[in-house]
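J.: Could you have a look at this structure, given as structure tokens, before my questions?
The values are calculated or read from the model by the stated rules, or taken from the named source; none is laboratory data. Keep in mind the model is a prediction, meaning the values are calculated, not measured. FYI the Cβ positions are ideal-geometry reconstructions off the backbone, even for glycines, and counts take in every protein chain you see.
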Amino acid sequence: MIKTREMKISRAIKKQSQVYAEADSAYLQNITAVNGYVLQVLLSEMPALLLPPPNYSEFLITFTKIKSTTLGWVNSVLYKLMEVPQTINKSNDDILRLFGYAQEYAEDLHHKYDANTAALLVKKLKSIDSELSFLKQLIANVIKKINDYDDQLPGLVDDFNELLDDYKQTVQYDEDQIDVFEKKTSQLQGEIAALWIKITLEIMNAGGAIIMGKLAKKIKNKYVKVLAQIMSYGLAVTLINDIVNSLIKISAKNGEINVITEKMDQLTIDIASLVAANAQFEGLRDNVSNVQDNLEFIEGKWDELSQEIKKSIVKIENAQEGVQNEEYKEVIIDVIEARSYWEETVNKSKLLELNYKVKDAEIDMDLLVTENDSEKVAEEKMLAINKILAEAKEYPAIEYYNLI
């Protein structure tokens, strides 16, 4: 006789639902960060050092390899990463539909036991398990693609880092200034990361598109221009007010960096420009690794749920014709609850459907609103930014990366 009190698909789904939501949120944030760093790296240029070392060509070759490897990663991996949420959502809809059928069969069985109906219930639950197995395999395939690049991109970033460390050993520069510069640039990247997260979550809830752009005009210090390019990463018309407020803080941090670099001698400036370039490479490498961790975690959770459903199927298959109504009532309740919890999970996961686009626009730093601007000036600046964005050509992100 079936022991339905042990069969709790709903419990398994409810247990995982919040975990999925948190994993999805982390995945979104890291994919957003990866897109930002990809744009930053592909737009970057090797710093023209004032006093280049004898092995400058090695820096240039490694820099170029990192950019080309990044573009290869975009076309081999990133497009798959951006497809994963849509595929998951399609499967989620199918699973929800299958749960609906399972619910109907369970209700029929509660009214009157029938072996054929019981077999249909098992069949639908097996179909649900098949969908979960498909999703698990999909994610595993993307993880494999990331692993294929696992040694390439990180290895090249390590090479650039090593070249920089060796260069530091051969020249006299102001180590204190570089320490402060690295600290300030790290804080700047932290401000940018916080802005990315804010934008991602707000746009995710609004179901909108993330618009990327360039913000690189009229930055006083050319050696940190690359750090400012990424500031406009979330410039989306619907969130422009919130974004500009965040950019004020970022712009202020950039101003602090300008003050530091203006006091540097030539060799220290060279080191600072290489440190800035290296920071963007490390940011890309680290966020690619974070995405890999996200996917491996999600894959594990799909597998846990699949194992729970397999156990439940075995229990149902062991049911005999003499099963009591009360026990099938538990089956009905379980399937109904499972369908409800899955619907909740589906609704949360639909937020993963984000569009990543690039506007071929350049926002003048002077257009950013400052605390000293009057209300009228601030409004005029905002209108000017909106006008630039509205008139700029828009591309799907991966298409734009290949056009750079």
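J.: Has the stretch 185-201 got any residue that is aliphatic (A, V, I, L, M), more than 30 Å from Leu389 (Cα to Cα) and either in contact with a Phe, Trp or Tyr (Cβ under 8 Å, 6 or more places away or on another chain) or modelled with pLDDT of 70 or more (or both)? Walk me through it before giving the result.
T.: To start, the set of residues in the stretch 185-201 that are aliphatic (A, V, I, L, M) comprises 188, 192-195, 197, 199, 201.
Keeping just the survivors that are more than 30 Å from Leu389 (Cα to Cα) gives none.
No, the stretch 185-201 contains no residue that is aliphatic (A, V, I, L, M), more than 30 Å from Leu389 (Cα to Cα) and either in contact with a Phe, Trp or Tyr (Cβ under 8 Å, 6 or more places away or on another chain) or modelled with pLDDT of 70 or more (or both).
J.: Condition first: touching a helix residue (DSSP H, G or I) at 6+ places or on another chain (Cβ under 9 Å), closer than 22 Å to Thr32 by Cα and modelled with pLDDT under 90. Now tell me which residues in the stretch 144-184 satisfy that.
T.: Those that are touching a helix residue (DSSP H, G or I) at 6+ places or on another chain (Cβ under 9 Å), closer than 22 Å to Thr32 by Cα and modelled with pLDDT under 90: Lys145, Ile146, Asn147, Asp148, Tyr149, Asp150, Gln152, Leu153, Pro154.
J.: Have a look at Thr261, Thr345 and point out the one that is surrounded by 15 or more Cβ atoms within 10 Å (Cβ to Cβ), of a type in the set (Ser, Thr, Tyr) and at pLDDT 80 or above.
T.: On the way: Thr345 fails: at pLDDT 80 or above.
When all the criteria are applied, what remains is Thr261.
J.: Would you say Tyr37 is in contact with a Gly (Cβ under 8 Å, 6 or more places away or on another chain) and of a type in the set (Ser, Thr, Tyr)?
T.: Values: in contact with a Gly (Cβ under 8 Å, 6 or more places away or on another chain): yes; of a type in the set (Ser, Thr, Tyr): yes.
So Tyr37 fits the description; yes.
J.: Then there's this: Out of curiosity, is Glu58 at pLDDT 85 or above, among the charged types (D, E, K, R) and under 30 Å from Glu162 (Cα atoms)?
T.: Working: at pLDDT 85 or above: yes; among the charged types (D, E, K, R): yes; under 30 Å from Glu162 (Cα atoms): yes.
Yes; evaluated as a whole, the condition is true for this residue.
J.: Which condition number in (1) part of a helix (DSSP H, G or I); (2) more than 16 Å from the chain's Cα centre (by Cα) is the one that Met264 fails?
T.: Result: Met264 fails condition (1) only.
J.: Just one of Asn141, Asn92, Asn116 is of a type in the set (S, T, N, Q), surrounded by fewer than 20 Cβ atoms within 10 Å (Cβ to Cβ) and under 30 Å from Asn35 (Cα atoms); which is it? Lay out the reasoning, then the answer.
T.: Details: Asn92 fails: surrounded by fewer than 20 Cβ atoms within 10 Å (Cβ to Cβ); Asn116 fails: under 30 Å from Asn35 (Cα atoms).
Exactly one residue qualifies, and that residue is Asn141.
J.: Further, regarding this structure: Within the stretch 286-306, how many residues are buried (at least 19 other Cβ atoms within 10 Å of the Cβ) and more than 30 Å from Trp342 (Cβ to Cβ)?
T.: 2
J.: Condition (residue is polar (S, T, N, Q), at pLDDT 90 or above and surrounded by 19 or more Cβ atoms within 10 Å (Cβ to Cβ)) applied to the stretch 70-80: is it met by at least one residue?
T.: yes
J.: Every residue in the stretch 375-386 that is exposed (fewer than 15 other Cβ atoms within 10 Å of the Cβ) and under 30 Å from Val74 (Cβ atoms), please. Before the answer, list the steps.
T.: Narrowing the stretch 375-386 to residues exposed (fewer than 15 other Cβ atoms within 10 Å of the Cβ): 375-377, 379-380, 383-384, 386.
Asn386 - this is the single residue of the stretch 375-386 that is exposed (fewer than 15 other Cβ atoms within 10 Å of the Cβ) and under 30 Å from Val74 (Cβ atoms).
J.: Can you report the number of residues in the stretch 18-41 which are surrounded by fewer than 19 Cβ atoms within 10 Å (Cβ to Cβ) and over 15 Å from Leu295 (Cβ atoms)?
T.: 2
J.: Something else: May I ask you to verify whether Asp360 is at pLDDT 80 or above and at negative phi? Even if it seems obvious, please write down each step before you answer.
T.: Details: at pLDDT 80 or above: no; at negative phi: yes.
Criteria not met by Asp360.
J.: So which of Ile31, Ile95, Ile66, Ile88 ends up being closer than 17 Å to Leu163 by Cα, in contact with a helix residue (DSSP H, G or I) (Cβ under 7 Å, 6 or more places away or on another chain) and either in a helix (DSSP H, G or I) or of a type outside the set (Lys, Arg) (or both)?
T.: Details: Ile31 fails: closer than 17 Å to Leu163 by Cα; Ile95 fails: closer than 17 Å to Leu163 by Cα; Ile88 fails: closer than 17 Å to Leu163 by Cα.
That would be Ile66, the only listed residue that is closer than 17 Å to Leu163 by Cα, in contact with a helix residue (DSSP H, G or I) (Cβ under 7 Å, 6 or more places away or on another chain) and either in a helix (DSSP H, G or I) or of a type outside the set (Lys, Arg) (or both).
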